[in-house]
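Q: Structure in structure tokens, see below.
Each reported figure results from applying straightforward, stated rules to the coordinates on display, with no laboratory input. Remember, predicted model here, so these are calculated numbers, not experimental data. Positions of Cβ are backbone-derived with ideal geometry, glycine not excepted, and every protein chain shown enters the neighbour counts.
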Amino acid sequence: MHIEISRRKFLQGTVALTIIGSTATTTSLFSKDKQGELKITTKTGETADRLVPTLCEMCVNKCAAIARVENGVVTKLDPNPYFPKSRNMLCARGNAGIQALYDPDRLKYPLIRVGEKGEGKFKRVTWDEAYEYIKEQTVKILDEEEDNRSSFLFCAGEGMAEHTFKTFYQGFGSSNWLNHSSICLQTVASAYGLTVGTYPQADLENATYIILAGANRAEAIVTPDTMDLFKNVKSKNNAAKLICVDPRFTNTAAKSDKWLAIKPGTDLAFVLALTHVTISEELYNKDYVANNFNGFEEYKEHIISNGYTPQWAEQITGIDAATITTIAREFMAHAPKAIYYPGRRSTFAKNDFQLRRAMAIFQALGGGIDCEGGLVFGKTLKIKGHDELSPMYENAEDRAVVKKSKYVAGEAGYTDCAIVSGGGSWISWRNNFLEGKQSYPVRGMFCYKHNPVINMPNTAKTIEMLKKMELLVCIDTMPSDTVMYADVVLPECTYLERTDPIKTFGGAEPAIAVRNKVIDPMFETKPVMDILNGLTKKLSKPMFDITKKYDTEVQAMIEESSEEDVYAEFDLTIPFQHSQEEINEHSVSDYPDAVEKLSKYGVYYPEMDNYFKQLSVNEYECYPKSKRAYRVNEGKPITPSNKVECKIDTLAKNGVDAMPTWRDEYYRETTQGKYKLFTGRHAQYTQSGSTNNSMLNDLLRENFLWINKRVAKEQGIEFGDLVEISSKAGSTKIKAYPTEKIAKDQVFFIHGFGQESSALTWAYKNGGNDNAVIEDIMEPVYGAAAMHETEVEIKKV
Amino acid sequence: MARYGMALDYKKCINCKACETACKEENGVLLGADKHRIWVGVKEIEGEFPLLSIASQTFYPSQCQHCDEAPCQEVCPTNATYYGENGEIKVDPDKCILCSYCMNACPYDARYVDDRTMTVDKCTFCTDTRLARGETTTACQNTCPTKVRIFGDLDDPNSEISQVLREREYFTLKTHLGTKPKLFYLV
């Protein structure tokens, strides 16, 4: 065999490295602090000051790393073999964490805005000045709103300290909490939860037949799924067969045995047809269905009578009927060691909730639930909670959701969705705020590690919302686009400079792991725990004074006892008085050797001394196979009924189909002259959070618009040409990458680029921002952002 | 004394580039898109949508082949390029005059210029970083999510690499040139 791939060929042949130079320019905002400008890497030496086990935060996976510190500098991050979840690996982003730590653009000091909102003009202040400013503004607003604590919105991105911030929100007493769920996993997590009891893990290590539909595990890395999947599928004996269903030819498709270019948004029809074959040919596990299903007969009748045949699905999905039939047969022949992968992604189509329900039911028809090679519930090692505070404020209004004026049975009760989840619907909340539909004014906003300007559809609307907030406090590590609109910026230290709350990771191989501080916080940055300690010391008493003024219940309580006693229930400082290390020790105090092990290995699970084993030079085993929790509930779902729920009547009461049903409006052909826009992830970037990383920037300078090669030729668009993409929401500019890996009526580019914060050396105006173009379309159940429902026009500029 | 080589279970490669970043951080490789010791080769996809060739999108992780008969060493006029004690190809920055003969001679395009040391640099199999302090894996091997790489001593019949090369089919790149490369692609 003779293969001609060289560095030079590579440079010519791929997108990643062909564009010379970057559009980034250095900016003046933090120029005084910029040192050395372009960063360099450090060669590791012979001796280290210390090796610190920690957890990565370059994405949400929390893989275990060992940080090497030499002369006080972190010189290398290596994988930590003791953590079962991350399988002794660190991806490109994990390795590049050093560049996040030493990013010259980091937020270094507390700042207060001096220019217009969004202008990026701030003055450096002391922590006390920042807290004082927040106090004055907060007290003013609360006084004017007569102690309606809900006049403040709290929002947070995913992370190990998210709960610390949420504790502040709870103590503050607002009802307005928004997190990433409605732009993330809301529909898949809830649909699996309602159908089989939880959002399960997939045992991709032992499955022999795997369908990955709309899940790109080679590029959107999830641990341990990515490693287990490809090691299994591409093992010497090709142990597992992989079917990749994706409108786009991804790196996952490149590893598959079969790639099916499904029409976007039609996966539900595909699954319903697989279900039809399985039921009509009686391929399902009859014992399993008889013992573990609720409503199977009705579902069967529903599938058959609606005629969800492979021939029917072929017309909708574009996948031929014979292939659908074959896949259903193969899947059921391999079941229970067959997985229709639940996926871990945002909502793409409006029917996503029903799609996930149909997938869960199809999976269960083969009996692949709570078993090796199927979907796994696993075990979780218990850890103790910490101090929280839930004071009751008489004048705190309910969450600012908008209900329909009249409830009609069988219809959604809210204007935008049927169900309001804990994380809320970001788009619905924002749009209602802008349209003045909320029943009381929300005037302030605390934002932790969250970038709503870039992270959700319709950037222009988010900016408008942030401009209207009288007080925006941002706690972050980087001067993101959202931070640019802040009134006060509180700089958090990066993950390598702090100890975070200990976390327990459930699964077939459960473990507890900790993010240990590697080096002390640089500049004047602090962990969020310390930030909230300082902030609540400043806020707590003056805010209580406002409560005393307006809250008749509190007034009565003080009459009955004393102000001191009543204040004890409202003392916001309580949850933030201990160090994170002390709290962590308390969390694992049920396990006698946990503190020592967590300090030494970063990981703890009972029997690790006996179970952990090195298999080869570079491979390890954390649990022997016989000790893994593949089966914990005798193969039954963990719904309250211990059955798979095919039909959920309570959904129908709120206008949601009780059983997964295809509706004609779910698919429409692309309008002539327009394209369907997709967004997605990349193995070298995590959303907008790492596009300013100089190491990762080496791997992919900027994002590119995938456009079909033949279409591009017709339009006179060549590789690297700048094009403008526009929709009803707005427009963005991006360079073109003509390729045959995408259909003629579709275009794609990865999320996280095209940022407008001038304080970001590498990310500023680099590439295109998908959310400037994606319209704020919601799916009807939770109001989650449906990100693939937008059509765009393209123009060469 | 060993004879270092590397086997690549390349079909497991997902082109995530963890190897490239680990290499840069470990060995202090300059940033800049063309400054890298490791890369993943990808070809343009064959076919027209949706009739595409999956096989045409195989990923080929690559780096210096540490040839037993290294053309770069042969052409070096100052003996800056030399064989290390374990068969790895090394560069002495003090002797390198940046004539770039080695860059032209290398059939694998494995060498690049380090602008700081003004040396035509290359992969060292981490012999002056990780292995020098007693570790047994290279940075690229250690970090790889799907465990593509097996590094070790080809002269030790009991090493993992020797075993895998006895048990599995493999090919080497540009074998016909007689460079005797020590990167082995497992089929």
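Q: Give me A:M465, B:M1 sorted ascending by neighbouring Cβ count inside 10 Å, so fewest comes first.
A: With the fewest neighbours first, A:M465, B:M1 line up as B:M1, A:M465.
Q: Which is the longest stretch in chain A that no exposed loop site breaks, taking sites as chymotrypsin sites (Phe, Trp or Tyr not before Pro) with a DSSP loop state and at most 13 other Cβ atoms within 10 Å?
A: Answer from the scan: A:1-406.
Q: Further, regarding this structure: Net charge near A:V420: determine it from the other residues with C-beta under 12 Å of the C-beta of A:V420, scoring Lys and Arg +1 and Asp and Glu -1.
A: Cβ neighbours under 12 Å give a net charge of 0.
Q: Just to confirm the filter: which GluC sites (Glu not before Pro) across the range A:232-321 are DSSP coil and have at most 12 other Cβ within 10 angstrom of their Cβ?
A: Taking the range A:232-321 and a limit of 12 other Cβ atoms within 10 Å, the loop GluC sites (Glu not before Pro) found are A:E281, A:E282.
Q: Now, a different point. How high is the relative contact order of the range B:30-187, in percent, with contacts defined as C-alpha pairs under 8 Å that are six or more residues apart?
A: 19
Q: Could you work out the relative contact order of the range A:203-357? I mean the mean sequence separation of Cα pairs under 8 Å and 6+ apart, divided by the number of residues, in percent.
A: 30
Q: Counting partner chain Cβ atoms within 10 Å of every residue's Cβ in A:73-86, what's the average?
A: Mean number of neighbouring Cβ atoms from other chains: 3.
Q: Which trypsin sites (Lys or Arg not before Pro) from the range B:82-157 combine a DSSP loop assignment with at most 12 other Cβ atoms within 10 Å?
A: Taking the range B:82-157 and a limit of 12 other Cβ atoms within 10 Å, the loop trypsin sites (Lys or Arg not before Pro) found are B:R116.
Q: Follow-up. Mind giving me the nanometre distance, one decimal, between the label points for A:D398 and A:V73, set 7 Å out from Cα along Cα→Cβ?
A: 5.8
Q: Just from its helices, what would the mean residue ellipticity at 222 nm be for chain A, if runs of 4 or more DSSP H residues each count -39500 (n - 2.57) and the sum is divided by every residue, rounded to the nearest 500 deg cm²/dmol?
A: So the helix-based figure for chain A works out to -8500 deg cm²/dmol.
Q: Helix B:18-27 sits at what angle to the longest principal axis of chain B, using alpha carbons and giving 0 to 90 degrees rounded to 10?
A: 10
Q: Ok, one more. By the gyration tensor of its Cα atoms, with a ≥ b ≥ c the square roots of the eigenvalues, what is the shape of chain A: rounded for a/c under 1.5, prolate for a/b over b/c, or oblate?
A: Note, shape of chain A comes out rounded.
Q: Taking the Cβ of B:Q141 as the centre, find all other residues whose Cβ is under 9 Å away and add up their charges (Lys, Arg: +1; Asp, Glu: -1).
A: That sum, taken over residues with Cβ under 9 Å, equals +2.
Q: In straight Cα distance, which lysines are under 18 Å from A:K406, not counting same-chain residues fewer than 8 positions off?
A: A:K437, A:K653
Q: Counting other C-beta atoms within 10 Å, and keeping those with at most 14, which DSSP coil GluC sites (Glu not before Pro) do you find in the range A:69-122?
A: A:E116, A:E119
Q: Once the other residues with Cβ under 14 Å from the Cβ of A:A240 are scored (Lys, Arg +1; Asp, Glu -1), what is the net sum?
A: Overall, the nearby charge balance is +3.
Q: Restricting to chain A, what percent of DSSP beta bridges are antiparallel, rounded to 5?
A: Antiparallel bridges make up about 50 percent of those DSSP assigns within chain A.
Q: While we're on this one: Reachable lysines from A:K467, Cα under 17 Å, same-chain residues fewer than 8 places away excluded?
A: A:K117, A:K121
Q: Next up: Would you please classify the overall shape of the range A:589-686 from the alpha carbon gyration tensor, given that a ≥ b ≥ c denote the square roots of the eigenvalues, rounded means a/c under 1.5, and beyond that prolate means a/b larger than b/c while oblate covers the rest?
A: oblate
Q: Sticking with this one: Are there DSSP H segments in chain A that both extend 24 Å or more along their axis (alpha-carbon positions) and score a mean Kyte-Doolittle hydropathy of at least -0.5? List them, or say none.
A: Result, helices passing both filters: A:528-550.
Q: From the square roots a ≥ b ≥ c of the eigenvalues of the alpha-carbon gyration tensor of the range B:42-154, which class results: rounded (a/c under 1.5), prolate (a/b over b/c), or oblate?
A: Oblate, because a/c is 1.5 or more while a/b does not exceed b/c.
Q: State, to one decimal in nm, how far the label point of B:L177 lies from the label point of A:A322, with both points 7 Å from Cα in the Cβ direction.
A: About 4.5 nm separates the two model spin labels.
Q: Right, something else. Going 7 Å from the Cα of A:E724 toward and past its Cβ, which residues in the range A:776-795 have a backbone nitrogen under 14 Å from where you end up?
A: Flagged as within label range: A:793-795.
Q: Give me the inter-chain shielding for B:133-143: mean count of other chain Cβ atoms within 10 Å, whole number please.
A: Average per residue, whole number: 4.
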